[in-house]
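Participant: Take this structure, written in structure tokens, and hold onto it; I'll ask about it next.
The values are calculated or read from the model by the stated rules, or taken from the named source; none is laboratory data. Predicted model only: the values in this text are computed from it and were never measured. Quick reminder, even Gly has a Cβ in these numbers, built from the backbone with ideal geometry, and neighbours come from all protein chains shown. Surface accessibility is based on the protein's heavy atoms, side chains included, excluding ligands, DNA and RNA. Shrake-Rupley method; radii C 1.70, N 1.55, O 1.52, S 1.80 Å.
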Amino acid sequence: MDKLKSQIDREVESLADELFAVSDFLLRNPETAYQEFKACDHLSAVLHKNGFEVQKGVGNIATSFLARPSGCTPTRPTVALLAEYDALPKIGHGCGHNMIAAASVGAAITLHRLLQENAGAIALVGTPAEEGGGGKVRLAEAGVFDQMDAAMMFHPSSVTIPGKGMLGRIKFKIEFFGQSAHASGTPDKGINALDALIQTYNSINAFRQHMRPDGRVHGIITHGGDAPNIIPDYSAALFYVRAGSIAYRDELLEKVKQCCKGAALATGATFNIEIDEPAIDPMKRSPSLEAAVASNLKELGIPISPDDGRRGSSDMGNLSHYLPAVHPWIAIVDPGIAGHTVEFRDATTSDRGRKTLLNASKILAMTALDFITSPELRENAAKDFAAG
Ligand SMILES: [Zn+2]
Ligand SMILES: [Zn+2]
């Protein structure tokens, strides 16, 4: 390992207790999307104590922040290390964002200590609301990443891989409007909004056979009527479409609209579709940044697993269309234990979780260092970005 990377290794180890404390604080104080006030305050305080200037509320989001090393003029290239810290309703940190925040904080502090007055190339961005809400979309649209050249973060997982595809996603509400009537006395006067919605649901199920393997449509019925003796004049559902490309994601939404149209025609009901939150784009991957991550994993002796092919979505996908981005996954549980569960949450502070937190921090710091110091890597990342 070269000298600076061995130094990263040692610095992160020396921060272990502080990083575990950050992760534990977030775990004990879970806050859902856009409510992460305690997390934002806590992370800002830790960064301030470690020599960072912190600006809270960037991009007009109350719970976001931007931290840069004090006394260093921001320079280009700049690497944005990302901290997520929103939790899931009921489960808390079942996605391990407590570890994500702590790992990026560790990487930023380490690089500041290492690069000293040259640490102007480091920024840490606190990005709220990854679990629905699209915080990174809002930050990017507000220009927070305009003067930055690459973005990096990690997610804990059941596999260790330098990157994988993530699906684009649109969340939307479907509503049908009919005509209420007595379900027994005057059924001929009614227009059944629930029938229209069930017809739509079944049409989507039939269409599923013809979907590409990367396509997903899934949803729940949130309103199906008010009483069995009243023909429902209103029904509602929440759905997601997901796909590996923006074009196919949008095509799937159009197909769902066609299913609604068919059901409306058959039942006489009318419908409305409303997009619920910012659309999520699929991840634009950077093979050269992923290769840098892979080589750092190797340096640290961390084995890389085969890609399990499991795909979710993240607003990191949107950000990857603004600037080159890399998003490794590092295991804290064995395959078979899923994310968004109590078991996964508890694993974030297990011995393996602790070890992964430090490894993730090292990987981020090492890869950021590669990006800052290697013009060749920057050039290749730019080529990946232009090609993707
Ligand atoms: Zn997550
Ligand atoms: Zn998640």
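Participant: Looking at (1) open to solvent by 30 Å² or more (accessible area, probe 1.4 Å); (2) under 18 Å from Gly168 (Cβ atoms); (3) small (Gly, Ala, Ser), find the lone condition where Gly215 falls short.
Facilitator: Gly215 satisfies every listed condition except (1).
Participant: In a loop (DSSP other than H, G, I, E, B), under 11 Å from the mean Cα position of the chain (by Cα) and either more than 16 Å from ligand 1 (Cβ to nearest atom) or not β-branched (Val, Ile, Thr) (or both): is that true of Gly132 in this structure?
Facilitator: yes
Participant: Among the residues in the range 349-358, are any part of a loop (DSSP other than H, G, I, E, B), open to solvent by 50 Å² or more (accessible area, probe 1.4 Å), more than 27 Å from Thr373 (Cα to Cα) and out of contact with any strand residue (DSSP E or B) (no Cβ under 9 Å at 6 or more places or on another chain)?
Facilitator: no
Participant: Next up: If the Cβ limit is 9 Å and pairs must be 6+ apart or interchain, which residue in the range 99-114 that is over 17 Å from Val54 (Cα atoms) pairs with which residue that is of a type in the set (Val, Ile, Thr) and in a helix (DSSP H, G or I)?
Facilitator: As it stands, the answer is Met99/Thr356; Ala103/Thr356; Ala103/Ile363; Leu114/Ile8, since those pairs meet every condition given.
Participant: Do we find a residue being crowded, with 21+ Cβ neighbours inside 10 Å and modelled with pLDDT under 95 anywhere in the range 303-313?
Facilitator: Within the range 303-313 (the criterion being crowded, with 21+ Cβ neighbours inside 10 Å and modelled with pLDDT under 95), the answer is yes, since at least one residue qualifies.
Participant: Then there is this: Looking at the range 322-337, is at least one residue within 29 Å of Asp149 (Cβ to Cβ), open to solvent by 70 Å² or more (accessible area, probe 1.4 Å) and away from ligand 1 (no atom under 15 Å from the Cβ)?
Facilitator: Within the range 322-337 (the criterion being within 29 Å of Asp149 (Cβ to Cβ), open to solvent by 70 Å² or more (accessible area, probe 1.4 Å) and away from ligand 1 (no atom under 15 Å from the Cβ)), the answer is yes, since at least one residue qualifies.
Participant: Just to be sure I understand, how many residues within the range 161-179 are farther than 30 Å from Ala292 by Cβ and open to solvent by less than 50 Å² (accessible area, probe 1.4 Å)?
Facilitator: Residues flagged as farther than 30 Å from Ala292 by Cβ and open to solvent by less than 50 Å² (accessible area, probe 1.4 Å) within the range 161-179 amount to 7.
Participant: Determine which single condition His93 fails, assuming it passes every other condition in (1) modelled with pLDDT of 95 or more; (2) over 28 Å from Ala382 (Cα atoms); (3) away from ligand 1 (no atom under 15 Å from the Cβ).
Facilitator: (3)
Participant: Right, another one. May I ask you to list the residues in the range 283-321 that are under 13 Å from the mean Cα position of the chain (by Cα) and within 16 Å of ligand 2 (Cβ to nearest atom)?
Facilitator: Correct list: Met283, Arg311, Gly312, Ser313, Ser314, Asp315, Met316, Gly317, Asn318, Leu319.
Participant: I've got another one for you. Might you check whether a residue that is aliphatic (A, V, I, L, M), within 17 Å of the chain's Cα centre (by Cα), away from ligand 2 (no atom under 16 Å from the Cβ) and under 24 Å from Phe20 (Cβ atoms) occurs anywhere in the range 111-122?
Facilitator: no
Participant: So, one more: The conditions are (1) closer than 21 Å to Arg285 by Cα; (2) more than 14 Å from ligand 2 (Cβ to nearest atom), and Leu357 fails exactly one of them. Which is it?
Facilitator: (1) is the only condition that Leu357 fails.
Participant: Do we find that Glu290 is out of contact with any helix residue (DSSP H, G or I) (no Cβ under 8 Å at 6 or more places or on another chain) and crowded, with 19+ Cβ neighbours inside 10 Å in this structure?
Facilitator: Yes.
Participant: Test each condition in (1) farther than 28 Å from Ser313 by Cα; (2) open to solvent by less than 80 Å² (accessible area, probe 1.4 Å); (3) in contact (Cβ under 8 Å) with a residue 12 or more places away in the chain; (4) polar (S, T, N, Q) for Ser235 and report the one that comes out false.
Facilitator: Every condition holds for Ser235 apart from (1).
Participant: Condition first: within 16 Å of ligand 1 (Cβ to nearest atom), open to solvent by less than 50 Å² (accessible area, probe 1.4 Å), within 21 Å of the chain's Cα centre (by Cα) and not polar (S, T, N, Q). Can you find one or more residues in the range 363-380 that meet it?
Facilitator: For the range 363-380, residues within 16 Å of ligand 1 (Cβ to nearest atom), open to solvent by less than 50 Å² (accessible area, probe 1.4 Å), within 21 Å of the chain's Cα centre (by Cα) and not polar (S, T, N, Q): present.
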